[in-house]
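The values are calculated or read from the model by the stated rules, or taken from the named source; none is laboratory data. In this text the structure is predicted, and so the values were computed from the model without any measurement. When we count neighbours, we look across all protein chains shown, and the Cβ atoms used for this are built from the backbone with ideal geometry, even at glycine.
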Amino acid sequence: MRKRVMQKMKIASLVMCLFFVLAIAVQLNDPDPLRWIALYGIAAALSALAALGRGLPWLTAASLVLYLAGVVYLLPSLPDTSLEAFSSIGMSGERDELVRELWGLIICAVWMGVLLMVQWRSPSGESTVGNR
């Protein structure tokens, strides 16, 4: 049973890696692309490592702290959340941009939290997600 869970976690990590790569591609027309390419790139790389069974808990934890700091910084934008902010790809205003950035960081933080829990709960003390 544990082996099936770990296999599903590898697949989920691969899917999330692809998701973050797509998020990087979307940033190419952003007003501040380098910051967001780096942030999504970290999440993509850590997801790829997890999919390969080479998770790095210390780096996952450090990135979680980074994403949570960003969430706290952008948290005042949360009340502005609406579906309109996600209805277009282009820049539709600073308010919508901050909402998108906030939710991007929330997704990164939640996924890093999931990866970290799996990496720390490894029964054999290994720090990887998928070596079972």
### Query
Being at pLDDT below 95, among the charged types (D, E, K, R) and not in a helix (DSSP H, G or I), is that true of even one residue in segment 14-35?
yes
### Message
If I go through segment 1-56 residue by residue, how many of them are within 16 Å of Leu105 (Cβ to Cβ) and in contact with a Cys (Cβ under 6 Å, 6 or more places away or on another chain)?
### Response
3
## Note on the structure
Over segment 50-59, the set of residues assigned to a helix (DSSP H, G or I) and either acidic (Asp, Glu) or surrounded by 21 or more Cβ atoms within 10 Å (Cβ to Cβ) (or both) is Ala50, Ala51
### Task
Being within 19 Å of Leu102 (Cβ to Cβ) and small (Gly, Ala, Ser) is the filter here, so list the residues in segment 1-40 that pass it.
Ala23, Ala38
